[in-house]
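Notes for the one structure printed next.
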Number of protein chains: 2
Amino acid sequence: MLAEIITIGDEILIGQIVDTNSAWIAAQLNLIGLRVKQISSVSDEREHILTALGEASRRADVILITGGLGPTKDDITKKTIADYFGVGMVENPETLENVSKIFARFNRPLLDVNRQQALVPANCQVLINRNGTAPGMWFSENGKIYVSMPGVPHEMMYLMEEEVIPKLKSTLKLPAIVHKTILTIGEGESFLARRIADIEDALPPHIKLAYLPKLGQVRLRLSGYGESEGRLREEVNDYAARIIERVKNVVLAEEDIPAEKAILNYMAERGLTLSLAESCTGGYIAHLLTQHPGSSKVFLGGVVAYSNNLKESVLGVKHETLEQFGAVSGETVTEMVEGALAHFKSDYAIAVTGIAGPDGGTPDKPVGTVWVAVASVNNKVVKKLTFGNKRKENIERSAISALNMLNTLMHESGK
Amino acid sequence: MLAEIITIGDEILIGQIVDTNSAWIAAQLNLIGLRVKQISSVSDEREHILTALGEASRRADVILITGGLGPTKDDITKKTIADYFGVGMVENPETLENVSKIFARFNRPLLDVNRQQALVPANCQVLINRNGTAPGMWFSENGKIYVSMPGVPHEMMYLMEEEVIPKLKSTLKLPAIVHKTILTIGEGESFLARRIADIEDALPPHIKLAYLPKLGQVRLRLSGYGESEGRLREEVNDYAARIIERVKNVVLAEEDIPAEKAILNYMAERGLTLSLAESCTGGYIAHLLTQHPGSSKVFLGGVVAYSNNLKESVLGVKHETLEQFGAVSGETVTEMVEGALAHFKSDYAIAVTGIAGPDGGTPDKPVGTVWVAVASVNNKVVKKLTFGNKRKENIERSAISALNMLNTLMHESGK
């Protein structure tokens, strides 16, 4: 059973907003076994909307439409949908009551333009939107289901969770879909592929493996399609276990979470704490960690020592070390990580210093030269990394390399 | 002249990742006068890709394709594009050299699967990807332009900026478009609109004003469309000057740069330095600043004092203050900002402490309670802010509020 998502509105097409709705909707549909075949963003134009509806209906069984239902634009979208089905518009009393209530709650007069929000195509079944004035609309025509929802995310989410998903589940005979994601770090896509080639070749046709690479990490996602969810989950888990066993030295998580979250979970489970001494990553590693709720259980804090003075005063890096070897050196990064451990009293510490670029390189130390140190009281690893000349990428690669080194060090020390 | 964007890959269709590439590409195309008619995300399936290419070519003049170019088995894009044009695959020596160089730089052997990255459809003009192994490909067929790029954002962005945009500009007859952006901070969209209503009403039809709001900031973008770029620029600049004059108290930059970059520029011009004492923003402000080249001229560093211990040891916040008023209080944030100034010896300092959520609130100090202090040796402002219960948004709003306060303090003290 296939679905398509159509997003109507120019703000996505001019790049003013990123379409986060579609990914959210797609994830919800996947959970109930509806596979999304295509996502399309189209303009606020009648002919274009009609074409998009026609194309989607030839590919999919369920077509979800978001956007284009605001009080200024709803003429075109709703009217176009009515034209698509060849029906007229009628006033829906429940919607009018909902709109009136919302305006009454905010003590605002109900204008004609707001009253029109209760006009819907004659063949639709209204889904009442408790979070806004634009109604959801459900159409069942020629064996296909069409649903139109407003584009405001919390209104769309309300309608999906309360109305659309339950109604889809009760209306359709859906197959089971099971996904399992394995997060690996520190090994390239093609090397991983070679290591698990025989497992991949042995996959049955109803189980697919996807490689999703991202800066030093590769997500391996197994997706199984079938009749019985329980059976499918067993099968998918079995293949996942074989892959994990094969590449376990680079597996960071057996679920779909970011690398830093996997590290936070691992450390939280073991009661371990972490501090940071960042120079060229400039607070990025701290930000990665602290965006996650509960990170304060593990992360004590850190210093962003951009100037040499701060490296000395807060971390206790020796002036002579900086003079003799420079800020970007194995000696300095070693004293940084030792300073972080000593001053911030954490179980583990990460230190990073480098030349993020695009300027500041020398023949000896070109842009992209980065030193990373990871240490506990008993163990320490120091590495020199060599990246390119893109600042943002150097910062992100340094961070993920540092997390990878921390992960390896913790595993090697059995912690 | 119309464009379409096709994104290939199942990870968007199952909602695992949000398609941020398309919005970025759309914004770049708009800047050179290419309007995006439709954005489509399609699956990694041959027939589906062929259909999408056919549909797009009937609507648009330029078709940009991202994704599906990795070295592993799930990527069939290149072969499908060759089939679409009815051509075979050839090995491209420049691409092979690029791939070999990248592998040599990382001291890794070149596998057969990597060698295949140099295979391209026979009718394509290769765009060398200096940031990765998958080449960009440019096709000119039947009066239409097709461009295929990898889906990894920084590789796609490199190819767009260095190759695709310049080539589109030189190949196509595009109208002259002139944009001028004014960045404002701290005033809502509707208030701004009211203040400049008469200027907006007086705009000629070929000059449009867009309000682009984002977390406490509003970008005002004037776009002029016409024949002569020089004439147009004069006109647009003239209207921009009138708007800037009217709302100058909230203007942070007269160009399209992020708020923190405007602050860095302002401080660098005046030889001023900045340090940070972050708690709930967790390194986010440091990261915002240090992502920009040259930030080290202004930003000395800072501490991410997540634990109370670090607030005491590194910033010198008094134990009694933390005991009596708590970590989230005007007293603590004041001592934090004073500690940053004293220890890091900067001209200005920012301190932030709060409850980012989603947990950790109390009846007195609910989630979203944030204290911000900004100070120089002579001046200090301390403010309590109240946000909602979304962690990410609280972190971002705290950061932008702090930058706004710093901007105001610097302007008031004539620095």
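The values are calculated or read from the model by the stated rules, or taken from the named source; none is laboratory data. Here the structure is a predicted model, which means the values were calculated and not measured. Neighbour counts run over all protein chains shown; Cβ positions are idealised from the backbone, glycine included. Remember, those area values only see protein heavy atoms, side chains included, never the ligands or the DNA or RNA. Shrake-Rupley method; radii C 1.70, N 1.55, O 1.52, S 1.80 Å.
Full extension of the chain segment joining B:Arg46 with B:Ser413 gains 125.8 nm, where the gain is 0.36 nm per residue of separation less the Cα-Cα distance. Under 5 Å between amide hydrogens, built in the peptide plane, is the criterion, and for B:Val367 it picks out B:Gly361, B:Thr362 among residues at least 5 positions away or on other chains. Backbone amide hydrogens, once placed in the peptide plane, bring B:Asp347 within less than 5 Å of B:Thr273, B:Leu274, excluding anything fewer than 5 places away on its chain.
Bridge orientation summary for chain B: considering DSSP beta bridges with both residues in this region, about 60 percent are antiparallel.
In order along region A:181-188, phi translates into HN-Hα couplings of 10, 10, 8, 10, 9, x, 9, x Hz, rounded to whole numbers, per the Karplus curve 6.51 cos²θ - 1.76 cosθ + 1.60 with θ = phi - 60° and x for Gly and Pro. Rounded to whole Å, give me the distance from the Cα center of region B:376-405 to that of region B:158-173. When both Cα centres are located, 40 Å separates them.
Protection proxy ranking for A:127-140, A:400-413, using the average of other Cβ atoms within 10 Å per residue and placing the highest first: A:127-140, A:400-413. Once the Cα atoms are used to define both axes, helix A:391-412 deviates from the longest principal axis of chain A by about 70 degrees.
In debye, nearest 20: dipole of the protein assembly as shown around its Cα centre with unit charges on the Cβ of K, R (+) and D, E (-)?
Its charge dipole is roughly 440 debye.
Applying the criteria of a DSSP loop state and at most 10 other Cβ atoms within 10 Å to the GluC sites (Glu not before Pro) of region A:143-191 yields no site. Kindly give the distances from B:Thr171 to its copy-mates, label point to label point, with each label point 7 Å from Cα along Cα→Cβ, as nm values to one decimal ordered shortest first. Reported distances to equivalent positions: 4.3 nm. Close lysine pairs were tallied over region B:221-360: pairs 8 or more places apart or on different chains with Cα atoms under 21 Å apart number 5.
For B:Phe325, the solvent-accessible surface with a 1.4 Å probe is about 80 Å², rounded to the nearest 10. Once the Cα atoms are used to define both axes, helix A:330-344 deviates from the longest principal axis of chain A by about 70 degrees. For the segment A:31-42, counting C-beta atoms of other chains within 10 Å of every residue's C-beta and taking the mean gives 5. Averaged over the residues of peptide B:390-403, the number of Cβ atoms from other protein chains lying within 10 Å of each residue's Cβ is 1.
Solvent exposure of region B:52-142, expressed per residue, is 42 Å² of accessible area, with all protein chains present and a 1.4 angstrom probe. Each residue of region A:54-61 was assigned a 3J(HN,Hα) from its phi angle through the Karplus curve 6.51 cos²θ - 1.76 cosθ + 1.60 (θ = phi - 60°); the sequence is x, 4, 5, 5, 7, 9, 10, 9 Hz, with glycine and proline shown as x. Residues of region A:341-359 that lose at least 40 Å² of accessible area (1.4 Å probe, protein heavy atoms only) when the other protein chains are present, relative to their chain alone, are A:Phe344. The DSSP beta bridges internal to the protein assembly as shown are antiparallel in roughly 65% of cases.
Applying 1/(1 + (r/R0)^6) with R0 = 22 Å to the Cβ-Cβ distance of A:Arg59 and A:Arg233 gives a FRET efficiency near 0.20. Distances between equivalent label points of B:Arg105 across the copies, with each point positioned 7 Å along Cα→Cβ, amount to 5.5 nm, shortest listed first. Modelled this way, with points 7 Å down the Cα-to-C-beta line, the labels at A:Lys79 and B:Val87 are 4.6 nm from one another. Site pair B:Thr171 and B:Ile17 shows an inter-label distance of 2.4 nm when each label is modelled 7 Å from Cα along Cα→Cβ.
Each label was represented as a point 7 Å from its Cα along the Cα-to-Cβ direction; for B:Glu94 and B:Ile32 these points are 1.6 nm apart. What separates the Cα centres of region B:282-348 and region A:229-306 is a distance of 26 Å.
Taking GluC sites (Glu not before Pro) across region B:12-56, the ones in a DSSP loop with at most 16 further Cβ atoms lying within 10 angstrom of their Cβ are B:Glu45.
By the gyration tensor of its Cα atoms, with a ≥ b ≥ c the square roots of the eigenvalues, what is the shape of region B:152-271: rounded for a/c under 1.5, prolate for a/b over b/c, or oblate? Here region B:152-271 falls in the oblate category. Annotation note: trypsin sites (Lys or Arg not before Pro) in region B:165-250 located in DSSP loop regions with a Cβ neighbour count of at most 13 within 10 Å are B:Lys173. Between copies, the label points at A:Leu2 (set 7 angstrom from Cα along Cα-to-Cβ) are spaced 2.3 nm, reported in nanometres from shortest to longest. Among the lysines, which fall within straight-line cross-link reach of B:Lys169, defined as a Cα-Cα distance under 23 Å, with same-chain neighbours fewer than 8 residues apart omitted? Excluding near neighbours in sequence, the set is B:Lys37, B:Lys144, B:Lys180, B:Lys208. Taking each residue as 0.36 nm, the span from A:Leu2 to A:Asp359 lengthens on full extension beyond its C-alpha to C-alpha distance by 123.5 nm.
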